[in-house]
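Asks: Sending over a structure as structure tokens; questions will come in a sec.
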Amino acid sequence: MRIGILGAGIAGLVTAVELAGRGARVEIIERAPDHAEACAWVAGGMLAPWCEQATAEPQVATLGAPAVAWWQRHFDGTVQRGTLVVTATRDAGELALFGRRTERFEPIDAERIGALEPELAGRFRQGLFFPDEAHLDPRRALPALAAQLTAAGVTIRYGVDADAARIDADRIVDCRGLAARDTLEDLRGVRGEMIVVRSPDIQLSRPVRLLHPRFGLYVVPRGDGVFMLGGTLLESSSHDPMTVRSAMDVLNTAYALHPAFAEAEILELGVGVRPAFPDNLPRVLRRGRTVYLNGLYRHGFLLAPAMAQQAARLIFPHTTETPACTSA
Amino acid sequence: MKLYDVELASRLLLGSARYPSPAILADAVRASATEVVTVSLRREAGTQRSGQDFWSLIRGLGVRVLPNTAGCHSAKEAVTTAKMARDIFHTAWIKLEVIGDADTLQPDVFGLVEAAAELAADGFEVFPYTTEDLVVADRLLQAGCRVLMPWGAPIGSGRGLNNGFGLRALRAHFPDVPLIVDAGIGRPSHAVQAMELGVDGVLLNTAVAMAGDPVAMAGAFARAVEAGRAGFEAQPMEPRDLAVPSTPVAGTAWLA
């Protein structure tokens, strides 16, 4: 079967892996010249199904749990060292609330925090450790998947504006994200902002989340003293540059996590607009010969594998995989 | 309850920020039976007109929209935001917030009165987020406000009513001005307390949005507001020092 995939973002690439693995002849058509316009390019790359339970629907953890193993199979830069969640002493209530809404963690004390991340020793009295979670660097993972696909005979055509009607294929999988709003009308954009900094003075080996009543922050280590700082979430589809307010919120909170961030160099301020449906859950749906995979919201790396498998099952109904959720 | 000549059946007003998803927000609004939803221009979508997706979701809820100036720290900023809100939502209603302290987010009452006067003169129907201070309330009314929104406690703190005495005094001084307790309500019992004091309504956001089950909590608040109001209207008894048996003791046998 010949399948044309629209979009070489996280949804398109992961779907290509699943379909090519089932023997399909896959071609990916990407509007941009590379992956840098994908939401995933500015993503945190956290595989944190249990931390996400704090705010997400239960399906996110169910669908996301197998993602760690999927990424370990397909990208050798996947690091499973867990997630550390901390909070300032005066915001201890936030940690208690986070713990009530999540699972698969160990409550830990100051000593254990110091053992896990020596840089944070003495800075926080209590935290939660989610040992099964993992992280990866999206800017290595996307090109790695693309290279793997190319090696497996998948064609990726960059810089091509796709006209689905004219694609010569048996099936189309539309993974265009927000651009698919022309057909999926209830898609909306949710803006996320991130800052990349370099600080040779700080070593962290796993994602750290700092809870705060106003501004949550996550810090994802990229190696070589580079860190991705994120946390803002705005109901907006603007791609405009990051605002001073958002930058201050993120940087202030990073400084609260570790004062050495004050001396870090700012390498990049980035903005991504994620596609989301009204319930913030992803969907796979079929219209004619086209299958749509969209609405990954802030859970691209986490949910793309399960949703791609769901799309693959629609196209190849006779393969056996573990069942996933929402098919509308 | 009548707010600026609009008759409302529900005395609960709900904020639209910080819900897990727009779908849960919509369900919570339905469960709360509210007829007024507040929406922030600044916090949720920045100053650009790029929050259209979210705003059309809010409009689609079929309730009256009360835009707010959350996040504004000066009268000038609040007035600009209010004008932008009027253009976007086609309403003269504005919930006016001028924040005076970054830590407690308490109102800058001086900037509030200034902005209220300017907006009222411009035809806005202003819902000022204020403290329970009587003198400030009086100035706001002079400035043209016909509704007052005193706080219960700082925004998002969930501490309930910090100054019940102050709110009672406000009620007693301004018996005919609609009073909506805005901010600080954390639990349904706080809403009951506020309503039992005789305020006209309650506005809340975080207590519902950040609850484990926002939809169930919205329903709980709807019932709390109704119960508190019914209790107020039914004229509650006054507490006494002496226990009073509810069945007569005369004629009953004393078994020592």
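The values are calculated or read from the model by the stated rules, or taken from the named source; none is laboratory data. Computed from a predicted model, the values in this text were never measured in an experiment. For neighbour counting, all protein chains shown are included, and Cβ atoms are generated from backbone atoms with ideal geometry for every residue, glycine included. Protein only, heavy atoms only, side chains kept; ligands, DNA and RNA dropped before computing areas. Shrake-Rupley method; radii C 1.70, N 1.55, O 1.52, S 1.80 Å.
Asks: Taking all protein chains in place and a 1.4 Å probe, what share, in percent, of the accessible surface of chain A do carbon and sulfur account for?
Replies: Looking at chain A in its full context, I get 50 percent from C and S.
Asks: Taking Cα atoms of segment A:1-103, Rg/Rh with Kirkwood Rh, to two decimals? Mind dumping the intermediate values first?
Replies: On the way: Rg = 17.6 Å, Rh = 16.3 Å.
Radius of gyration relative to Kirkwood radius: 1.08.
Asks: Just to confirm a number: summing +1 for Lys and Arg and -1 for Asp and Glu over residues other than B:Gln235 whose beta-carbon lies under 14 angstrom from that of B:Gln235, what do you get?
Replies: Net local charge, B:Gln235 excluded: -2.
Asks: Shifting gears a bit: May I ask you to work out the translational diffusion coefficient for segment B:60-169 at 10 °C, viscosity 1.306 mPa s, via Stokes-Einstein with Rh from the Kirkwood sum over Cα pairs, reported in whole µm²/s?
Replies: In µm²/s, the coefficient rounds to 113.
Asks: Quote the accessible area belonging to B:Lys2 in square angstrom, nearest 10, computed with a 1.4 Å probe and with ligands, DNA and RNA left uncounted.
Replies: Using a 1.4 Å probe on the heavy atoms, I get roughly 120 Å².
Asks: If you line up the long axis of helix B:75-89 against the longest principal axis of chain B, both from Cα atoms, how many degrees apart are they, to the nearest 10?
Replies: 90
Asks: Once both labels are modelled 7 Å past Cα along the beta-carbon direction, what's the A:Ala260-B:Ala9 spacing in nm?
Replies: 6.2
Asks: Just counting partner chain Cβ atoms within 10 Å, what average do the residues of peptide A:187-194 show around their Cβ?
Replies: Mean partner-chain Cβ count within 10 Å for A:187-194: 3.
Asks: Would you please classify the overall shape of segment A:47-120 from the alpha carbon gyration tensor, given that a ≥ b ≥ c denote the square roots of the eigenvalues, rounded means a/c under 1.5, and beyond that prolate means a/b larger than b/c while oblate covers the rest?
Replies: Taking the square roots of the gyration eigenvalues as a ≥ b ≥ c, segment A:47-120 is oblate.
Asks: Hey, another quick one. Out of the trypsin sites (Lys or Arg not before Pro) in segment A:149-234, which ones are loop residues according to DSSP with at most 16 other C-beta atoms within 10 Å?
Replies: A:Arg214
Asks: Starting from 0 in steps of 5 Å, tell me what percent of the Cα-Cα pairs of chain B lands in each bin.
Replies: 1, 6, 14, 18, 19, 17, 10, 5, 3, 2, 2, 1, 1, 1, 1, 0
Asks: Provide the percentage of antiparallel DSSP beta bridges, counting only those with both residues in the protein assembly as shown; round to the nearest 5.
Replies: Numbers: 46 of 88 bridges.
So the antiparallel bridges in the protein assembly as shown amount to around 50 percent.
Asks: Rounded to the nearest 0.05, what FRET efficiency do A:Phe215 and A:Arg123 give with R0 = 22 Å and r taken as the Cβ-Cβ distance? Could you check?
Replies: In this case the efficiency is close to 0.80.
Asks: Rounded to the nearest 10 Å², what accessible area does A:Met1 have for a 1.4 Å probe in the complete protein model?
Replies: 90
Asks: For B:Lys83, list the aspartates and glutamates whose Cα falls under 14 Å from its own Cα; do not include residues on the same chain fewer than 8 positions away.
Replies: The reachable aspartates and glutamates, counting only those whose Cα sits under 14 Å from B:Lys83, are B:Glu97, B:Glu118, B:Asp122, B:Glu125.
Asks: Would you mind checking the tilt of helix B:109-121 against the longest principal axis of the Cα atoms of chain B, expressed as 0 to 90 degrees and rounded to 10?
Replies: The two axes meet at around 70 degrees.
Asks: Per-residue mean of other chain beta-carbon atoms within 10 angstrom of the beta-carbon, peptide A:236-249?
Replies: 3
Asks: While we're looking at this one, here's another question. Could you report the buried accessible area between B and A, both sides summed, computed with a 1.4 Å probe and given in Å² to the nearest 100?
Replies: 1700
Asks: Out of B:Pro178, B:Pro239, B:Pro188, any idea which swings most in a Gaussian network model of chain B, alpha carbons joined below 10 Å?
Replies: B:Pro239
Asks: Mind listing the Cα extents of segment A:100-146 along all three principal axes, in Å, largest one first?
Replies: In descending order, the Cα extents are 43, 27, 13 Å.
Asks: From largest accessible area down, sort A:Asp168, A:Asp224; use a 1.4 Å probe on the protein chains.
Replies: A:Asp224, A:Asp168
Asks: Moving on to the next point. Which ³J(HN,Hα) values in Hz, rounded to whole numbers, follow from the phi angles of segment A:15-22 under the Karplus curve 6.51 cos²θ - 1.76 cosθ + 1.60, where θ = phi - 60° and Gly and Pro get x?
Replies: 4, 4, 4, 5, 6, 4, x, 9
Asks: What distance in nm lies between label points placed 7 Å from Cα along the C-beta direction at B:Ser56 and A:Met248?
Replies: Between B:Ser56 and A:Met248, the label points sit 3.3 nm apart.
Asks: Another question, then. Work out how much length B:Asp103 to B:Asn163 would gain on full extension: take 0.36 nm times their residue separation and subtract the Cα-Cα distance, in nm to one decimal.
Replies: Using 0.36 nm per residue and subtracting the Cα-Cα distance, I get 19.7 nm.
Asks: Reported to two decimal places, what Rg/Rh ratio describes the protein assembly as shown when computed on Cα atoms with Rh from the Kirkwood expression?
Replies: Rounded to two decimals, Rg/Rh equals 1.04.
Asks: In deg cm²/dmol, rounded to 500, what helix-only [θ] at 222 nm does chain B give when every DSSP H run of at least 4 residues adds -39500 (n - 2.57) and the total is split over its residues? If you can, show how the numbers build up before the last one.
Replies: Numbers: 10 runs with 103 residues, N = 256.
Calculated mean residue ellipticity at 222 nm is -12000 deg cm²/dmol.
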